[in-house]
1. Which FRET efficiency value, to the nearest 0.05, is calculated for D291 and E20 with the Förster distance at 56 angstrom and r the Cβ-Cβ distance?
2. Could you work out how far the C-alpha centroid of the stretch 146-193 sits from that of the stretch 290-368, in angstrom?
3. Tell me the label-point distance for the pair R324, E10, using the 7 Å Cα-to-Cβ offset, in nm and rounded to one decimal.
4. Could you run the Karplus curve 6.51 cos²θ - 1.76 cosθ + 1.60 with θ = phi - 60° over the stretch 423-429 and give me ³J(HN,Hα) per residue in whole Hz, x for Gly and Pro?
5. Largest first and in whole Å, what are the equivalent-ellipsoid semi-axes of the chain based on the Cα gyration tensor, each being the root of 5 times an eigenvalue?
6. Working from Cα positions, state the angle (0 to 90°, nearest 10) between the long axis of helix 275-291 and the longest principal axis of the chain.
7. Dividing the convex hull volume of the Cα atoms of the stretch 70-198 by its residue count, what figure in Å³ per residue is obtained?
8. Round to a whole angstrom and tell me the spacing of the C-alpha centers of the stretch 1-58 and the stretch 103-128.
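A short reminder: the numbers here are calculations on the coordinates, not readings from a lab. Just so it is clear, the structure is predicted and the values come from calculations on it, not from any experiment. Because the Cβ atoms are built from the backbone with ideal geometry, glycine has one as well, and the counts that use them run over all protein chains shown.
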Amino acid sequence: MDHFRYQDGELWCERVRVAELAERFGTPLYIYSAQTIRDHFGRFVEAFAPVRPAVRYALKAAGNTHLVRLLASLGAGADVVSIGELERAWMAGVPMGSITFAGVGKTEAELRAALDGSHSPLRGTALAARHAPGPVERRGSVGWCNAESEQELQRLERIASELGLIARAALRVNPNVDAQTHRFTTTGLSENKFGVDIERAPEIFGRFAGSPSLRLAGLHVHIGSPVYRHEPFVRAAEALSAAASLLAAGGHAIEILNLGGGWGADYTTGQSLWARDYAAQLLPILRPWADLGVEIAFEPGRTIVGNAGLLVTRVQYVKAGRARTFAVCDAGMHTLLRPSLYEAFHFIWPARVRAEHVPVRREPAPDLPGLAPCDVVGPVCESADLLAQQRPLPPIAQDDLLAVFTAGAYGMSMSSNYNDHGRPAEVLVEGGRVRCIRRRDTLAGLFEPEFDVETTP
Ligand SMILES: Cc1ncc(COP(=O)(O)O)c(C=O)c1O
């Protein structure tokens with residue numbers, strides 16, 4: 001599952017004590033295990049090896065450039081959904097040809113930068129001069145754009161024509177398949193804003209056939225996240241395959257089939273299928289296409305980094321009320337939004353425990369002696385500011401450290417400065433080595449954009 005383990009009552013990340021990191025870098029703190037990222041990425045690639053998968057890591061899950069660089073060194077490309085993520089992926093060393101630009105609302109400026117680096121907002125900046133992997137204006141175009149509408153394709157075609165380029169695109173189709181996940185993260189139903197109805201693919205391909213500036217080269221689907229059963233993926237892949245067959249029969253060259261993301265992570269022990277379990281069901285559908293030379297792409301985020309991240313928070317106050325006991329922490333909805341937004345479960349446990357409280361499994365209600373229900377909440381002025389409700393926990397005291405597990409995906413990337421809290425620091429652990437990969441926000445940094453605004457727009 002991951003490399004966060006208790007030993008003699010202390011929680012460790014690989015060969016480093018979590019409490020030591022909290023003391024050194026402060027709390028709240030995101031801690032990532034490099035080995036866990038390597039394990040999960042390796043398993044995914046191995047599971048789909050028979051179709052030579054193009055794995056485009058979805059930066060939205062966790063976009064720190066050092067994490068992306070680690071993944072790029074393992075051979076990952078990048079799936080990005082904004083100019084910010086695009087520039088991050090490139091800064092992290094992902095070759096432009098291995099970047100897929102997705103997202104339902106790509107602006108004119110974003111598409112220009114995706115096609116031609118001379119339109120990058122990083123051009124001419126000191127940051128790019130110091131850290132970019134090469135001259136930004138010469139970096140070229142993204143591998144392809146996942147286009148979500150006809151108007152987007154028209155815009156892409158026009159911009160490519162103005163730039164004297166040929167843009168490559170995959171059409172995101174909506175197969176009307178229920179991913180059986182939270183309604184806010186379901187994306188493949190007809191009522192969702194994503195993609196175009198799958199039946200319209202032939203008409204749209206026909207419309208752009210022969211375009212001198214746009215090559216519609218394949219299909220893309222993403223039905224939601226996290227998807228814990230293989231059946232929705234199978235239904236989506238079957239629909240994609242049937243649409244591709246229809247297009248091929250109509251004379252359209254299919255170069256890309258992109259299955260998107262949505263693969264699970266273990267929020268509780270053993271919750272997720274393994275990549276090889278998903279692959280066993282999907283390979284029979286995908287293999288014939290791979291054998292024809294079609295590029296089979298995936299955009300996993302959560303399954304790669306979810307278990308690799310831990311959030312550590314310090315209890316500020318323990319407050320026993322009439323109805324409930326609250327552990328008020330320095331992390332909350334501004335640090336990890338998932339429990340508030342999706343009512344998501346994260347296993348939470350003290351970083352130091354007595355022998356009888358070492359958890360054997362991560363589950364909502366461990367069968368251990370002396371646990372009492374507790375609401376783990378943050379400092380934000382909202383009743384929705386919670387990490388867990390009525391959670392059975394060992395005795396919690398002021399200044400204790402609590403570990404929030406499986407916080408690597410959609411943790412830091414969804415954090416905010418709400419109530420003027422700085423966003424946390426992030427550290428990456430590799431064996432016994434620790435690297436701070438993001439400084440904690442400073443208040444000066446937070447306030448700075450509001451000063452001297454009349455001279456710097
Ligand atoms: C188009 C697309 N691809 C990939 C992903 C990544 O999903 P996950 O992190 O569940 O793998 C998402 C998540 O929202 C997405 O919208």
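1. Details: r = 51 Å, r/R0 = 0.92.
Efficiency, from the Cβ-Cβ distance: 0.65.
2. Centre-to-centre (Cα) distance: 32 Å.
3. It works out to 3.4 nm between the two label points.
4. 6, x, 7, 10, 10, 10, 10
5. Details: eigenvalues 316, 136, 76 Å².
Taking √(5λ) for each Cα gyration eigenvalue gives 40, 26, 20 Å.
6. 10 degrees
7. On the way: hull volume 15.5 nm³, N = 129.
Each residue corresponds to 120 Å³ of Cα convex hull volume.
8. If we compute the Cα centre of each part, the gap is 31 Å.
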